[in-house]
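See structure below.
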Amino acid sequence: MRDSFGMWLQQQREKLGISQAELARLAGLNRAVVNKMENNATKPEAETLLATSRALKLPPETVFRAAGLLPPKPE
């Protein structure tokens, strides 16, 4: 089964060793938005995902795929 976007986001953030507050600051988001994304309490908008991808230094396609907005990458 595919991991949830929130779990994926938390793992990416922890790989960088940053807090939710730090991710929010880097992405220009409110910390509550990051918390809601990690708890799968909200479906993030495209602009939020783009800001998150920049903060995590990941290609936008990677974040959009993790969020389920793009099909999985063919193997």
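Read the figures in this text as sums done on the coordinates, not as results from a lab. A quick note: this is a predicted structure, and the numbers were derived from the prediction, not measured. We place every Cβ from the backbone using ideal geometry, glycine too, and count neighbours over all the protein chains shown.
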Limited to the range 40-75, what total is found for residues that are among the hydroxyl-bearing types (Ser, Thr, Tyr) and more than 9 Å from the chain's Cα centre (by Cα)?
2
Those residues that are over 16 Å from Gly6 (Cβ atoms), among the hydrophobic types (A, V, I, L, M, F, W, C) and in contact (Cβ under 8 Å) with a residue 24 or more places away in the chain, I need them from the range 19-54; list them, please.
Leu26, Ala51
